[in-house]
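Values quoted throughout were computed directly from the atomic coordinates according to the rules given, and no laboratory measurement underlies them. Since we're looking at a predicted model, the values are computed, not measured.
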Amino acid sequence: MDHGTKAAELFLNGYNCAQAIAVAFSDITGLDNHFSARMASSFGGGMGRMREVCGAVSGMLMVAGLLYGYDTPGDDVNKKAHYTLVQELAGKFLEQTGSIICREILKNPPSDPAPSPRTAEYYAQRPCARMVFTAAQILDEYITNHPPVK
């Protein structure tokens, strides 16, 4: 199963959008599903339902950081290279969806932190499964063309 389909399936099974991406790529990151889900848990609903950066984008960039990020303070060369990648991936998502901002994608303002019940109506009204599919496909394409060095 490709990562886009897997991420959409994970979202439809109750993971938030960021978790769906992080868990879908566990086979590549080497992180277990439990750790991946916990790491990404704060970023659903545009960061704790504040409707800021789409959780699918946040999840995609978390995985990109794990695979291609830098870890040496003051390493401006690799920092620039990584930020270029971040802007490229986010730009592709923006190009395909029209926004990287959750409230613009959902067309609703920030909400209280209580999660909405995951009903058939919930899924019918939200494009989130498509967003996680799209983010995962963008990342899959990048990984295919730029295999991470371990």
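A few remarks follow.
- Amide H contacts under 5 Å for Val53, placed H, 5+ residues apart: Cys102
- Working note: Karplus 6.51/-1.76/1.60 with θ = phi - 60° gives the stretch 126-137 the couplings 10, x, 4, 4, 5, 5, 5, 4, 4, 4, 5, 5 Hz, where Gly and Pro are set to x.
- Volume in Å³ per residue [convex hull over Cα atoms, computed for the chain]: 116
- Segment Asn145..Glu88, full-extension length gain: 19.2 nm, with 0.36 nm per residue of separation and the alpha-carbon distance subtracted.
- With 5 Å bins from 0: P(r) over the stretch 105-148, alpha-carbon pairs, percent: 5, 16, 18, 21, 13, 10, 9, 8, 0
- D_trans [Stokes-Einstein, Kirkwood Rh over alpha-carbon pairs] for the stretch 74-150, 20 °C, 1.002 mPa s, µm² s⁻¹: 144
- Fluctuation leader among Glu88, Glu121, Glu104 - the chain, Gaussian network, Cα springs under 10 angstrom: Glu121
- Residue among Ala114, Ala22, Ala136 with the largest mean-square fluctuation in a Gaussian network model of the chain, springs linking Cα atoms under 10 Å: Ala114
- Rounded to the nearest 500, the 222 nm mean residue ellipticity of the chain from helices alone is -19500 deg cm²/dmol, with -39,500 (n - 2.57) taken per DSSP H run of at least 4 residues.
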